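Down below is the structure, laid out as structure tokens.
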Amino acid sequence: MSALAEPMAAAPPRRAGAAWRKPGLLVLPLLAFLAVFYLVPVLMMLSRASGPALDFAPVQAALTSGVAAQVFWITLKVAVITTLATLVLGYPLALFTAIAPPWLSRLLLAAVMIPFWSSILVRSYAWMVLLGRQGMVNEALIGLGLIETPMRLLNTSFAVYVGMIHILLPFMVLPIYATMKGIDGRLVWAAENLGAGALSVLRFVILPLSLPGVFAGVLVVFILCLGFYVTPALLGGPGDLMASMLIAQEVDLYNWDLASAYAAVLLVVTLLIVAAFSRLLSLDRVMGAGR
Amino acid sequence: MSAAPPLVMSSGRAGRALLGLLALAVVVFLVFPVFVIIPISFSGSSFLTFPPESLSLQWYEKFLSRADWLEATWLSLWVAALVTVLATVLGTAAAFGVVRGRFPGQKLVVAFLLSPLIVPGIIVAIAVYFFYARLGIVGSPVAIAVAHTALAVPFVVVNVSAVLHGFDTRLEQAAQNLGAGTWTTFRLVTFPLIRPGVFAGGLFAFITSFDELIVALFITAPGHVTLPARMWESMRNEIDPTIAAVSTLEIVLSVALFFVAGRLQARAAERGA
């Protein structure tokens, strides 16, 4: 599972094999495919944002709309809180998985990967069931005597956070875990022999060496948050309108130019964040650890 | 696979116990919601109560007897199969090009090939929708598969690149020195060695398409939707345990694929070392 995180060490330097004199050409079929069915549609969509008069009226409308400002603010807030929450929950899990005995570590990884492999839709549905008025969470709270009548949990911001944290947690745990697995155990050993307690080992050895994984996890989770659609639409209330939902709404209202302008803003924000932090984001590391 | 010893912390027993409890709580949070659906799918009543008051298979029966659910399932399977073939062939070739080739703008090309992983789904969805609407091919299963392939292909590129990085090219040279041609070398030496990575990538491609919702919402024709789009419709209107039954089947599929993929990636790692 760590195939990608592992730097290639043993194999001899790669040569342009004699098999193909120009192996680079093999990238062309996919490049052409993606250009036609992915790049061109996106560029055509973006060009709509300039409006029929090419005066960028839709972009102006998007940037000055009060609703849009509110939606982008909500999106940003949800992204920040979800990212922090997944970090707070994910780091201890990654650490424990990294230092646990192999059998336990395998079990914990399976527990992280199985939700990862099941669809977002299924997991959002699970939360609809759990958080409903007669759902298990309400029943449990009533059973414990903490509340008397069922609380409204579904279709609230709380439900959106719970659902998104649940779905994005593996994207935080896996890169952090992969980085921790790469830490040389002798460093911990040396620190301990020199009298460091567990907290010092954590603070001065493990934490600094796991930071690349933390950055990768934070960046991926944050970026994925910005584009979330399914979970907030199913679990949120009317006040939880996120950027993707606003775009979909405008498409449904046949405001295609305005929708394109919103999409352009979302895309530019996403790409700027990726470009700014691309050195920290190793997609290989994130995706190699799992899906 | 360095020789460095694994991470072991020998001190701080109390702290480790606390950490273990915290990790356990997080794991329960992760796993519980996925598995809570399973008993509900066997419920005898039409309410989403847990534990169910009586047991029955009625929701599975409903799923299997309703033409719209079955049609959506077949459409999803057929689209996902097509995506698997397309993405595996295109992605494997591209991985060879990226790992073994040297060409100008290589970093940018790789970033472009992997970009569908991070570009928000809604952007791809509406872009493809506008594009297909202009071409008049909204709702065509092949068109859905083509759109899904763009989203699925990065997983193939990543998985195949991983095995190729660790590939010992001397094996190919040996085959060629013994007189094997390009194709024979690929068929008898290269492919068997990279097969786990190719299959793992194909599996990711399949599940990516099979679970994809946002693009499908925009480019499927009403009445002829994929399974996730059918589930979405159902979740927004009548919430009955039919979805729990479908979800349970999906969870079983996910768990099975997870184990297969785990084995494949482990084998790929062995060969890559």
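Read-outs throughout are calculated quantities, based only on the coordinates presented, and are distinct from any laboratory measurement. Here the structure is a predicted model, which is why all the values come from computation and not from measurement. Note that each Cβ is placed from the backbone with ideal geometry, even for glycine, and that neighbours are counted across all protein chains shown.
Rounded to the nearest 10 degrees, what's the angle between the helix B:141-165 long axis and the longest principal axis of chain B, both from Cα atoms, 0 to 90? The angle comes out at about 40 degrees.
Along the axis of the charge dipole computed for chain A (Cβ charges of +1 for Lys and Arg, -1 for Asp and Glu, origin at the Cα centre), the listed residues A:A57, A:A275, A:W103 are led at the positive end by A:W103. With respect to chain B, whose longest principal axis is taken over its alpha-carbon atoms, helix B:191-211 is tilted by about 30°.
Only the Cβ atoms of Lys and Arg (+1) and of Asp and Glu (-1) were treated as charged; on that basis the dipole of chain B about its Cα centre amounts to roughly 1060 debye. Along each principal axis, taking the top coordinate minus the bottom one, the Cα set of segment B:67-272 gives 65, 38, 26 Å in descending order. Shielding value for A:86-93 is 4, the average number of Cβ atoms from other chains within 10 Å of each residue's Cβ.
Helix B:121-135 and the longest principal axis of the C-alpha atoms of chain B enclose an angle of approximately 90°.
The order of the peptides A:202-215, B:110-123 by mean Cβ neighbours within 10 Å, most packed first, is B:110-123, A:202-215. Residues B:M231, A:M242, arranged from fewest to most other Cβ atoms within 10 angstrom of their Cβ, appear as B:M231, A:M242. By the combined test of axial Cα extent (at least 18 Å) and Kyte-Doolittle hydropathy (mean at least 1.0), the qualifying DSSP H helices of chain A come to A:66-99, A:102-117, A:157-181, A:207-226, A:256-277. In segment B:135-273, a dipole from Cβ-located charges (positive for Lys and Arg, negative for Asp and Glu) runs towards its positive end, and of B:V215, B:A162, B:V138 it is B:A162 whose Cα lies farthest in that direction. When +1 charges are put on Lys and Arg Cβ atoms and -1 charges on Asp and Glu Cβ atoms, the dipole computed for the protein assembly as shown relative to its Cα centre reaches about 1900 debye. Here the residues A:H166, B:H224, ranked from fewest to most Cβ neighbours within 10 Å of their Cβ, fall in the order B:H224, A:H166.
Per-residue Cβ neighbour counts within 10 Å put B:L18, A:L87 in the sequence B:L18, A:L87, beginning with the fewest. Farthest toward the positive end of the dipole of segment B:67-272, out of B:L227, B:I122, B:G97, is the Cα of B:G97, where the dipole comes from beta carbon charges about the Cα centre.
Placing unit charges on C-beta atoms (Lys and Arg positive, Asp and Glu negative, everything else neutral), compute the dipole magnitude of chain A about its Cα centre in debye, rounded to 20.
Once rounded to the nearest 20, the dipole reads 940 debye.
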